[in-house]
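None of the figures in this text is laboratory data; all of them are computed from the coordinates on show. None of the values given here were measured: they were computed from a predicted structure. Neighbour counts run over all protein chains shown; Cβ positions are idealised from the backbone, glycine included.
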Amino acid sequence: MVPADQGGGVMRADLLAEPVAGLDEALAAVDAFDRALTGGLLRPDAGDLAELAGAVAATPLAEAVAEVADKAVAGAAGEDHFTALAAARTALLGSAHDALMSRIAEATGRAESGETATAPSDSPPVNLLAAARSWLCDLARSGWRGIDHDLVSGAAQVVSAMLPDPALRRLAALLDGFSAELAASCPGAALERVPERRWADLWSRAMLLTVPGAAEVPVTGTATGRVLPLGVDVQEHATAVQAQVHAVFEPADGGEPRLVRASASVSKPDTVVGAGLWQLLRPHLSLLSAVGEGLSMDLAEMPITAEGDLIWSDEHARNGEPADAFATARVALQSATAPTTAPLDRHPARIAVPVFLEGYTVRSDDDGLTFTVAEHELAVDADRIPTASPLTAEAVAASNACIGLLRWDAGSFHLQPLAVETTKRKKAVAVHAGAWAGGTTDKAGAKAEKAATDAAKVLRERAGRLLRK
């Protein structure tokens, strides 16, 4: 990642291209269960469930899953049986996640912090958990091909009852979004293509969250020291947007630096797009302004989870000294320990590891961008570059250094650029995905900001008229 004379080590790109032992077999078993869930678990294909049972045969789940598979094929499976199947599927994806993270650790030479700890959460009403589980089991019996509006609408009453309770809000939000997605796809029999992996992911996660104690929260400590931002990942949907800042945290007591994240998520009108998104996000995360201005931030007893997520509160933070993201990547990133992952979050789709690359060559063709690192190719996921930034695929193609997130998708590792360095007039110029986070004088960015301001003003006026009526 960083030349050895700068205190770092070269990333083993060759390891990222090598197959991971057992990964294909684990994912094949997951796919088999997902096929069964598509057709419905009332009387599923025996072969599909047998493949899942075989994949966990050497685990503590072996006996339970083998029994469940037999009962499901006979049409006698109940709620506890479906929960066991969800647990087996989640365990397989968790093992795939761990294997991939081990490969990344080997390739980057970066250590991982200790075990994740959890604290008991408030005990949620068991009856609401049971109601949610009952609806999810009805879904599983019908399968995605068998869903209709009557079945999907059964979640509405459960969600409404859950939302007022903070201990249930995580599950309520998941069920709300999941049911809305299913409703938009009804009837299932008419679907040309079923998003099997996605819907099975959502179903399995929701099933496990209905188990009392599964939603225990990570232990929260405090962080005092300096945050050095690396880049911003933006995830946008029609009615919501999230910005997640990836950074290196240097403890004030001289302890080991560690990778941390800070996030802000907000609802948005579908008319607010591009750079206008930052207007909605800034009030919730002052770190974004620091990123835009190229500053570090000093923290004093900021709440932080064992997974490295800062629970941001402005009263615990103040602007620090200027901090260049590429200097941080070159000097501090390699020695920063990686956070552990909470048990229910262990999934290949959630892998997003900050890395720094330089000295690569770039190839651009019909298949997209590819970096060649030490004679090994690494695909670049330019589609993840946010429109709310000056960073473009063209800038990435012209770059000679890159800060990005290493992800895994569709059987291989990909790099999502967060910032790149290019050379213009013999000078290094940095382009960041979060460059407009704190505001911008860039012509395109300023125009989008103004459009967002105007759209928000119109919406407020309309809302005011409706309230007065």
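FRET efficiency for the pair A300 and A62, taken as 1/(1 + (r/R0)^6) with r the Cβ-Cβ distance and R0 = 51 Å, rounds to 0.55. Taking all Cα pairs closer than 8 Å and separated by 6 or more residues, the relative contact order of region 344-432 comes to 28 percent. Summed over qualifying helices (DSSP H, 4 residues or more, each -39500 (n - 2.57)) and divided by its residue number, the chain shows a 222 nm mean residue ellipticity of -12000 deg cm²/dmol.
log₁₀ I(q)/I(0) of region 1-109 at q = 0.09, 0.11, 0.13, 0.23 Å⁻¹, via Debye over equal Cα point scatterers, no solvent, to two decimals? With no solvent term, the Cα-only Debye profile gives -0.33, -0.45, -0.55, -1.14.
Distances over 18 Å make up what percent of all Cα-Cα pairs in region 344-432?
Counting every Cα pair in region 344-432, those more than 18 Å apart make up 42 percent.
Angle of helix 443-468 to the longest C-alpha principal axis of the chain, folded into 0 to 90 degrees and rounded to 10: 50°.
Label separation (D98 vs R197): 2.1 nm, computed from points 7 Å beyond Cα along the C-beta direction.
Computed from point charges on the beta carbon alone (+1 for Lys and Arg, -1 for Asp and Glu), the dipole magnitude for the chain about its Cα centre is near 1760 Debye.
How large is Rg over Rh for the chain, taking Rg from the Cα atoms and Rh as the Kirkwood inverse mean of 1/r across Cα pairs? Show your work: numbers first, answer last.
On the way: Rg = 23.6 Å, Rh = 24.1 Å.
Value, to two decimals: 0.98.
With respect to the chain, whose longest principal axis is taken over its alpha-carbon atoms, helix 46-55 is tilted by about 50°. If R0 equals 22 Å, the separation of the Cβ atoms of T222 and E256 corresponds to a calculated FRET efficiency of about 0.85. Couplings 3J(HN,Hα) of region 352-358, computed from phi: 7, 9, x, 9, 10, 10, 8 Hz, in residue order, whole Hz [Karplus 6.51 cos²θ - 1.76 cosθ + 1.60, θ = phi - 60°; x for Gly and Pro].
Using the 2.2 N^0.38 Å rule of thumb for compact globular proteins, work out how region 179-231 stacks up: its C-alpha Rg over that value, please. The reported ratio for this selection is 1.91.
Extension gain, T423 to R318, is 34.5 nm, computed as 0.36 nm per intervening residue step minus the present C-alpha separation.
Between the helical axis of 79-108 and the longest alpha-carbon principal axis of the chain there is an angle of about 30 degrees. Would you mind pulling out the separation of the Cα centroids of region 164-223 and region 377-412, in Å? So the two Cα centres are separated by 29 Å.
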